[in-house]
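Okay, structure first, notes after.
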Amino acid sequence: MKKYPVLGNKDTRSGFGDGLTALGKSNPKVVALCADLTGSLKMNQFQDDNPERFFQVGIAEANMIGIAAGLTIGGKIPYTGTFANFSTSRVYDQIRQSVAYSNKNVKICASHAGLTLGEDGATHQVLEDIGMMKMLPHMTVINPCDYNQTRAATIAIADHVGPVYLRFGRPKMPIFISEETPFVIGKALLLNEGSDVTIVATGHLVWPAIEAGIALAEKGISAEIINIHTIKPLDEEAILKSVAKTGCIVSAEEHQIAGGLGESIAQVLSRNNPLPQEFVAVNDSFGESGSPAELMEKYGLDTPNLIAAAEKVIARK
């Protein structure tokens, strides 16, 4: 099993903030809008550097999406910023009608996603957002795994023409993706080659997948680890190539089982090569208040559950 040294610990939202700051210097078409959460989204530096290109709309998320859609008509590339729950559930109608339907070049940037929002509790811990956004025609859905990958993704989506949903989080996570690793939308990142089981993970579950791969190797199990940072469009070729070798797959995500990455993979398998699959995801439940680590353990989104899922799916082959 390939070892990935930890290069530090930093929250993925800081990757977004630093990527946006870099874009402020390199791309004059980029503008930013925030719904009263500038500090939480780490957008302060962009605001300081480019006050004429930053719009604080207040607690008015629907208006923010509408303004962003309008700015694209003038050739701007708007990045909207608020919590993931407010970026999707609160403004789904505006996204569907004003952004996705007309294929507007809006980048919907969503922080504090999933259970790792922690103590703020179930009302803020959105676990349905990937499903909501991937169902919209024209929408690209991206869920990077660490600081470096989030920074790279933030910069990369500026060159993509069309609406994007970029999801990231609050807690500090291990940095293990190199700064030099290119971010290619729709192209999975193979982290470890293996022969017994495929583990496909996204976002905050990628590092636990690596840890699970190391533990499985100690048991004599060879795991192929794939980082799916782009959920739509999904890299079907990478998935099918891997399962043709391993014969089974585990999907891992900080999201509901319904509508997430695992469901997309299941559709790919059912159409091309039906094989055993196990899901590491939230099982039809809302979250609750608690520390990120406590919640990830309680809802089964941690390394031990990934190991158990891999062993279970191998036994089903």
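Please treat every number below as a calculation from the coordinates, not as lab data. No experiment lies behind these values; they were computed from the predicted model shown. Here Cβ is always computed from backbone atoms with ideal geometry, including for glycine, and neighbour counts include all displayed protein chains.
The table below lists the values:
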{"item": "Rg/Rg_ref, region 251-309, where Rg_ref = 2.2 N^0.38 Å and atoms are Cα", "result": "1.22"}
{"item": "Hydrodynamic radius by Kirkwood, which averages 1/r over all alpha carbon pairs of region 181-317, in angstrom", "result": "14.8"}
{"item": "Point-charge dipole on Cβ atoms (K/R +1, D/E -1) for the chain, about Cα centre, debye to 20", "result": "740"}
{"item": "Dipole of the chain, positive end: most advanced residue of A69, Q56, I199 [Cβ charges, Cα centre]", "result": "A69"}
{"item": "Protection-proxy order for peptides 184-196, 295-307, each taking the mean of Cβ atoms within 10 Å per residue, highest first", "result": "295-307, 184-196"}
{"item": "Computed P(r) (all Cα pairs; the chain; 20 Å bins; percent)", "result": "36, 56, 8"}
{"item": "Placed amide H near N192: partners under 5 Å, 5+ positions off or other chain", "result": "I225"}
{"item": "Rounded to 10°, Cα long-axis angle of helix 147-156 versus longest principal axis of the chain", "result": "50"}
{"item": "Simple label model, 7 Å out from Cα along Cβ direction - T181 to Q97, nm", "result": "4.1"}
{"item": "Net lengthening on full extension, S285/K172 (0.36 nm per residue, minus Cα-Cα)", "result": "38.2 nm"}
{"item": "Förster radius 22 Å - calculated FRET efficiency between K2 and N273 (Cβ-Cβ, nearest 0.05)", "result": "0.30"}
{"item": "The chain: angle of helix 261-272 to the longest principal axis, Cα-based, in degrees nearest 10", "result": "60"}
{"item": "Distant-in-sequence amide H partners of C145 (H built 1.01 Å from N, under 5 Å)", "result": "T150, G203"}
{"item": "Pairs of Cα atoms farther than 14 Å apart, region 183-232, %", "result": "46"}
{"item": "0 to 90° range, to nearest 10: angle between helix 303-315 axis and the chain longest Cα axis", "result": "50"}
{"item": "Computed over region 10-174, the ratio Rg/Rh where both radii use C-alpha atoms and Rh is Kirkwood", "result": "0.92"}
{"item": "Proxy reagent accessibility, fewest Cβ within 10 Å first, across Y92, Y101", "result": "Y101, Y92"}
{"item": "Long-range HN-HN contacts of H255 with modeled amide H, under 5 Å", "result": "V282"}
{"item": "Potential extension, E119-N44 segment - 0.36 nm per residue separation minus Cα distance", "result": "24.6 nm"}
{"item": "Residue order, fewest to most beta carbons within 10 Å, for R167, R90", "result": "R90, R167"}
{"item": "Paramagnetic reach from E193 in region 1-16 [backbone N under 15 Å; point 7 Å along Cα→Cβ]", "result": "1-3"}
{"item": "Taking the chain and dividing mean pair separation by its residue count, relative contact order in percent (alpha carbons under 8 Å, at least six apart)", "result": "19"}
{"item": "Efficiency of FRET from Cβ geometry, E52 and A244, R₀ 51 Å, rounded to 0.05", "result": "0.45"}
{"item": "CD proxy at 222 nm, helix term only [per DSSP H run n ≥ 4: -39500 (n - 2.57); per residue of the chain; nearest 500]", "result": "-10500 deg cm²/dmol"}
